[in-house]
1. Within region 65-82, how many residues are surrounded by fewer than 20 Cβ atoms within 10 Å (Cβ to Cβ), in contact (Cβ under 8 Å) with a residue 24 or more places away in the chain and either farther than 15 Å from Lys135 by Cβ or not assigned by TED's automatic domain parsing to the domain that holds Asn141 (or both)?
2. With the condition kept exactly as written, say whether any residue in region 27-35 is β-branched (Val, Ile, Thr) and over 27 Å from Ile139 (Cβ atoms).
3. Looking at Lys131, Lys100, Lys135, can you tell me which residue is part of a helix (DSSP H, G or I) and free of Cβ contacts under 8 Å to residues at least 12 places away in the same chain?
4. Suppose the filter is outside the structural domain of Glu108 (by TED's automatic domain parsing), under 19 Å from Ser142 (Cβ atoms) and either surrounded by fewer than 13 Cβ atoms within 10 Å (Cβ to Cβ) or not aromatic (Phe, Trp, Tyr) (or both); does Tyr23 pass it?
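The values are calculated or read from the model by the stated rules, or taken from the named source; none is laboratory data. Just so it is clear, the structure is predicted and the values come from calculations on it, not from any experiment. Cβ placement follows ideal geometry from the backbone for every residue including glycine, while neighbour counts extend to all protein chains displayed.
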Amino acid sequence: MKEHTYTIHLKWIGSQEVGTKNYHSYNRDFEITAEGKQHSIAGSSDPSFRGDGTRYNPEDVFVSSLASCHMLWFLHLCSTHNIVVLEYTDNAMGTMTESKDGSGRFKEVTLYPEIVIDQAVDDNLIHELHKRANKMCFIANSCNFPIYHRPKTSTKQNIQ
């Protein structure tokens, strides 16, 4: 078995010189960097948990990890099936439930990929490639909740 290691640097920048003196004394801002990467990720908690809504929260990053991993596998599978994908967008949505004690977990994630291909392909094949992409996705394989797919496919001729 082949192993891969991913290392990030997480730095909390919300101490405001008093730290966690109480629940309201600090902000939830942080930065994520990784060696060799050009940009950092500006993060915070969700505004529901006193975070900055203009920064990415862990839940945003988690859903985007699922969507992007699925996309990369789908593109790979299309390339091996001689399907030319010209455009790919997704408006993925995750639903998280919060327990009375404040803990929570994701209940489900739905991907809504919109794909433009260069010529018509059997819809069944496209749906099968989405299923296979989900089975191959490293992130999806690490989840304990359902991941749904609601793809829309069009051809370049149909959108011109």
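1. Counting residues in region 65-82 that are surrounded by fewer than 20 Cβ atoms within 10 Å (Cβ to Cβ), in contact (Cβ under 8 Å) with a residue 24 or more places away in the chain and either farther than 15 Å from Lys135 by Cβ or not assigned by TED's automatic domain parsing to the domain that holds Asn141 (or both) gives 2.
2. No, every residue in region 27-35 fails to be β-branched (Val, Ile, Thr) and over 27 Å from Ile139 (Cβ atoms).
3. Numbers: Lys131 fails: free of Cβ contacts under 8 Å to residues at least 12 places away in the same chain; Lys100 fails: part of a helix (DSSP H, G or I).
From the options Lys131, Lys100, Lys135, the qualifying one is Lys135.
4. Numbers: outside the structural domain of Glu108 (by TED's automatic domain parsing): yes; under 19 Å from Ser142 (Cβ atoms): no; either surrounded by fewer than 13 Cβ atoms within 10 Å (Cβ to Cβ) or not aromatic (Phe, Trp, Tyr) (or both): yes.
When the stated conditions are applied, Tyr23 does not pass them.
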